Amino acid sequence: MLVGVFATKEEASAFAAKHVASTITAAENPVLGVATGSTPLDLYRELRQAHADGTFTLENAKAVALDEYVGIAEDHVERYRNVLSAELVGADKTGLADERLYTPDGSAADPFEAASQYDKAIKSTGGVSIQILGLGSDGHIAFNEPSGSFVSRTHVEALTRQTREDNSRFFDNDINNVPSLAITQGLGTIMEAQRIILLAFGENKADAVRELVEGPISAAWPATILQMHANVIVVTDEAAASKLELKDFYNDRLAALYRS
Ligand code: GLP
């Protein structure tokens, strides 16, 4: 696992965008794994800018979402399909075609069946070239909450109170408006991505980042499974990295390998 600690989230996101863009541009069958939440928004802005500059495009790519709320209205602005579409779809964004944006069907009458269909749909893309991940303050990735299986496939998950509180800022600050179920890629599904880049910013991610990078692998902190993936970069700002013991070493190593 490589770790990069940057002074600001903007610098971190610019680094992440370059890594994502070079991976997608070099891929024979480009498939970008996309995350929601506020963390990747600067990265998406960088990708839109690169598209406007003519140095990057998702025109020939597919994009695969991590998760979707169950039962959220199709026109709800926080429905993850709508969020990702607003960030990425269209010639004025990144060139991604709407029909090549894959998201779980949170409106399906049978969400369990929709989860299993989504796992098949991901496989049908040929596999994710690079997966962008955020990090929950409780250590979740996608919506894999503590105590889930490390080999889980796409499934229906119940959200912790902590996650619903964290996400209530997107739902008029009312936890009761936050759906309690989601369809999420499983940890086993996520681990099949060829590369993973995880972003974490802000002090409230510091405990989860410490566990992710320096803690034992434990279902109590689902993101720790990433220690078993051979190609992961964790990109943070200073606040999220504030509880790491070997921060200086991580930056020296990343500089030696990546930063010029
Ligand atoms: C949500 C998403 C995750 C995201 C996480 C962090 O619950 N399902 O994919 O990584 O929360 O969100 P944020 O980036 O807003 O802190």
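Think of the range 188-251 as having a plus end and a minus end, set by charges on the Cβ of Lys, Arg, Asp and Glu; of Val213, Ile190, Ala200, Ile190 sits farthest toward the positive end of this dipole.
Compute, for the range 206-260, the length of the dipole vector about the Cα centre, with Cβ point charges of +1 (Lys, Arg) and -1 (Asp, Glu) only. Units Debye, rounded to 20. Don't skip to the end; give the middle numbers.
On the way: 5 positive and 8 negative charges, 32 e Å.
That gives a dipole near 160 debye.
With K and R counted +1 and D and E -1, the other residues having a Cβ less than 10 Å from that of Glu145 yield a net charge of -2. Dimensions of the range 1-145 based on its C-alpha atoms, expressed as ranges along the principal axes with the largest first, amount to 43, 35, 29 Å. Annotation: average projected area of the chain is 12.8 square nanometres, based on the convex hull of Cα atoms across all directions. Look at the alpha carbon pairs under 8 Å that are at least 6 residues apart: their mean separation over the length of the chain gives a relative contact order of 25 percent. Partners of Lys243 within straight-line reach, counting lysines whose Cα lies under 24 Å from its Cα and excluding those fewer than 8 residues away in the same chain: Lys9, Lys205.
Mean separation of Cα pairs under 8 Å and 6+ residues apart, divided by the residue count of the range 186-260: what relative contact order is that in percent?
Details: 76 pairs, mean separation 28.8, N = 75.
The value is 38 percent.
Got a sec? How would Thr184, Thr125, Thr55 order by Cβ neighbour count within 10 Å, fewest to most?
Numbers: Thr184 30, Thr125 18, Thr55 11.
Arranged by neighbour count, lowest to highest, Thr184, Thr125, Thr55 become Thr55, Thr125, Thr184.
Sequence-distant contacts, meaning Cα pairs under 8 Å at least 6 residues apart, place the relative contact order of the range 1-120 at 23 percent.
With 5 Å bins beginning at zero, the pair-distance distribution over Cα atoms of the range 89-176 amounts to 3, 11, 16, 20, 21, 17, 10, 2, 0 %. Across the options Val5, Leu41, Thr125, the greatest Cα extent toward the positive end of the charge dipole of the range 1-133 (unit charges at beta carbon of Lys, Arg, Asp, Glu) belongs to Val5. Normalised size of the range 29-111, defined as Cα radius of gyration per 2.2 N^0.38 Å with N residues, equals 1.09.
Report the local net charge at Ala182: Lys and Arg +1, Asp and Glu -1, summed over other residues whose C-beta lies under 10 Å from its C-beta. Intermediate results must be reported in sequence, preceding the final value.
Details: positive: none; negative: Asp67, Glu68, Glu145, Glu157.
Spelling it out: positives minus negatives among the neighbours equals -4.
Here the spin labels are modelled as points 7 Å beyond Cα on the Cα-Cβ line, and at Ala109 and Thr25 they lie 4.8 nm apart. For the chain, the antiparallel share of DSSP beta bridges with both residues in that region comes to about 30%. For GluC sites (Glu not before Pro), the sites in the range 1-60 that DSSP calls loop and that have at most 16 other Cβ atoms within 10 Å are Glu28, Glu59.
Largest GNM mean-square fluctuation among Gly186, Gly106, Gly95, using the chain with Cα springs under 10 Å: Gly95. Simple point charges give the picture: +1 on the Cβ of Lys and Arg, -1 on the Cβ of Asp and Glu, and for the chain a dipole about the Cα centre of about 600 debye. Spatial offset of the range 1-75 relative to the range 100-140 amounts to 16 Å, using the alpha carbon center of each.
Mind sorting His76, His140, His51 by how few other Cβ atoms lie within 10 Å of their own Cβ, fewest first? Mind dumping the intermediate values first?
Working: His76 18, His140 26, His51 22.
Ordered by Cβ neighbours within 10 Å, fewest first: His76, His51, His140.
Springs join every pair of Cα atoms under 10 Å in this Gaussian network model of the chain, and among Ala206, Ala97, Ala86 the largest mean-square fluctuation is at Ala86.
No lab work stands behind these numbers, since they all come straight from the coordinates. If you're wondering where the values come from, they're calculated on a predicted model, not measured in any experiment. Please note: Cβ atoms are built from the backbone with ideal geometry, for glycine as well, and neighbour counts cover all protein chains shown.
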